[in-house]
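The values are calculated or read from the model by the stated rules, or taken from the named source; none is laboratory data. Keep in mind that what you see is a predicted model, and the values were worked out from it rather than measured. All Cβ positions, glycine included, derive from the backbone under ideal geometry; neighbour counts span all protein chains shown.
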Amino acid sequence: MTPQSRPDRRDGSWGCFRSWGTALASGEIPLGILYSVTGTYSLIGQACLDGVRLGLEEVNRDPRYPFSFRPEIEDPGANIDHYLAFSEAMLRERGCRHIIGTITSIGRKEIIPIIEKYDALLWYMCPYEGFECCENVIYTGACPNQHIVPLFRYLLPRYGKRVYLVGSNYIWGWETNRTARELVQASGGEVVGERYLAFASQDVARLIEDIREQRADFVLNNLVGTSSYAFLSACHEAARSDPSFAPESRPVVSCNLTEAELDSIGPAATGLISTAIYFDSLESPESLAFRRRVEARFGAARRNSVYLVNAYIAVKLLAEAILACGSDESEAVKKALFELVLETPLGTTRIDSATNHAALRPYIGRVAADSSFKVVEATPQPIAADPYLVDFDARDFGAEVNRRSAMQLRVVK
C-alpha cells in the first residue's frame, strides 16, 4: 500500500512531534482495538483482529514511521454491556485517541457518545445500514448505496420481485430491510414476509416454514453470526426435500456474508449470493500482493475477506495520516486523512471530508462449489458514499430494474 500524495516536509514541520504528550514523546502511540473474537460473531471479529495485527506489524517495523503503535486490545465477547467500559478505559486510562473496532451497529452506537466525549476517533470498517454521519467516526465500510442498492439492482430483474426479508433484531436488520422494502416497492414488487431473530438465536424452524408457504423469489438474509449459519444450514437441509429451496430456484442473498464464515457454513454456502467491496478471488495486482502477505503471516490456507482487508486498511490510513500531520490528535488526523489517496487491495482509497466515508466499488459474488466467491457483477467505478440516500431516486431505480427485467425476458425467450 503506497500513498499517491504526501505533504512536503522540507519546511521542518516535523518539529510538531515535540507537541505530543509524554506517551508519544517516546514514539509509541496507544491504539484501542475493540473486536469480539468470542461470541456469536467471533469469526468476523477474528478476521478483523488479524487484519489489524498485520497492519500494526507492518507499520511498527517500517522505518518510514517515526512512531510505533501500542495495541490496547479488548474482546467484548459480543456482549453489549462491555463495550462502553472497555472504550472508556482505553480513552481515559490508557491514553488512546483512536479506537479501531466494533462490528455491529449496536456496538458502534453504544460507544459513539464516549468517543465524542473524549474527542477521539472511531475507525469503523464494517458494512452498515447508513443514516449516520458522525464527525468522530471514520467509515471505511459500505453504506446502503454501496451494498443493498447495487445488490437489488442485480437481483430483482433476474430472480423476481417477491422478496422475503430476514434479519437480526437490531438496527442493522431493521434499517437494511426497510431500505430493501423501499427498493422492492419502487420496482413494483412485493415483500411477502419479514421476520427477525434475537442475537445468537438458532430457532429457525418457523422461519423456514413461513418462507416455504410464501414462495418468495429470493430471501434477503440480514442475520448475523450463528443465527445466520443456522438459517443457512436449515435452508440447505430443506432443499433436500423441497427443490424450491435450492439456490438456483430461490437464492439466499446477503450484504454481509464473507469468506471469513464460509468454512463454518460448509456445503450450505454453495450458491449463496453476497455483495462486498472485496472478494479474495479478485486478481488486481494490489489484491494479489496482499494475499501473498496474508499467506506469509497466517499460512497458505488462510482466507482473505473484506473484514480482514478493511481492518488492515484502517491501520494504514491512520498511520499515513499521523505521518502526514505529525500528531495523533483527532482533528489534525482528519485534516490529513482527507488529503490522502492510497492504493490498497480495494483499489484507490480516499475518505470524503463531507461524509467521513470512503468511495467504494461494490462487487456481487456467488459462492462456488470450491467455497470461494466468483464475481458475477461489479460496478465500473467506485461509488461515492451516500449514507442518507439523499441522491437516490427510487423512481429511477424502479425504472432501471424494470428495463433490465424486460431485457432479461427477451434473453430468456
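Of the residues making up segment 355-376, none is out of contact with any helix residue (DSSP H, G or I) (no Cβ under 6 Å at 6 or more places or on another chain), farther than 30 Å from P247 by Cα and without any contact (Cβ under 8 Å) to a residue 24 or more places away in the chain. Taking the condition assigned to a strand (DSSP E or B) and more than 18 Å from the chain's Cα centre (by Cα), does V294 pass? No: the conditions fail for V294.
Among the residues of segment 283-317, which ones are farther than 25 Å from G225 by Cα and buried (at least 24 other Cβ atoms within 10 Å of the Cβ)? Scanning segment 283-317 gives F290, L317. Sort out which residues of segment 109-125 are touching a helix residue (DSSP H, G or I) at 6+ places or on another chain (Cβ under 9 Å) and farther than 14 Å from V315 by Cα, and write them in order of number. Selection gives K109, E110, I111, P113, I114, I115, K117, Y118, D119, A120.
Within segment 52-68, one or more residues are within 20 Å of the chain's Cα centre (by Cα), of a type in the set (D, E, K, R) and surrounded by 15 or more Cβ atoms within 10 Å (Cβ to Cβ). Taking the criterion of being in a loop (DSSP other than H, G, I, E, B) and aliphatic (A, V, I, L, M), would at least one residue in segment 179-197 satisfy it? Checking segment 179-197: not a single residue is in a loop (DSSP other than H, G, I, E, B) and aliphatic (A, V, I, L, M).
Among the residues of segment 189-198, is any touching a residue at least 40 places away in the same chain (Cβ under 8 Å) and either farther than 18 Å from Y388 by Cα or touching a Ser or Thr at 6+ places or on another chain (Cβ under 7 Å) (or both)? Within segment 189-198, not a single residue is touching a residue at least 40 places away in the same chain (Cβ under 8 Å) and either farther than 18 Å from Y388 by Cα or touching a Ser or Thr at 6+ places or on another chain (Cβ under 7 Å) (or both). Against the list (1) under 30 Å from V252 (Cα atoms); (2) within 18 Å of the chain's Cα centre (by Cα), the condition C134 fails is (1).
Listed here are the residues, each with its yes/no results for (1) free of Cβ contacts under 8 Å to residues at least 12 places away in the same chain; (2) touching a Ser or Thr at 6+ places or on another chain (Cβ under 6 Å).
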residue	(1), (2)
R215	no, no
T258	no, yes
L272	no, no
I277	no, no
A296	yes, no
N304	no, no
L308	no, no
K316	no, no
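Just one of (1) farther than 23 Å from Y278 by Cβ; (2) not assigned by TED's automatic domain parsing to the domain that holds T179 fails for M407. It is (2). Evaluate the following for S105: is it crowded, with 19+ Cβ neighbours inside 10 Å and out of contact with any Phe, Trp or Tyr (no Cβ under 6 Å at 6 or more places or on another chain)? No. Only residues that are free of Cβ contacts under 8 Å to residues at least 60 places away in the same chain and of a type in the set (S, T, Y) were counted in segment 116-141, giving 3. The helices (runs of 4 or more DSSP H) falling completely within segment 11-98 that include 2 or more residues that are assigned by TED's automatic domain parsing to the domain that holds V294 and modelled with pLDDT under 95 map to 22-25. No other residue among L223, L156, L197 is farther than 24 Å from G266 by Cα and buried (at least 17 other Cβ atoms within 10 Å of the Cβ) apart from L156.
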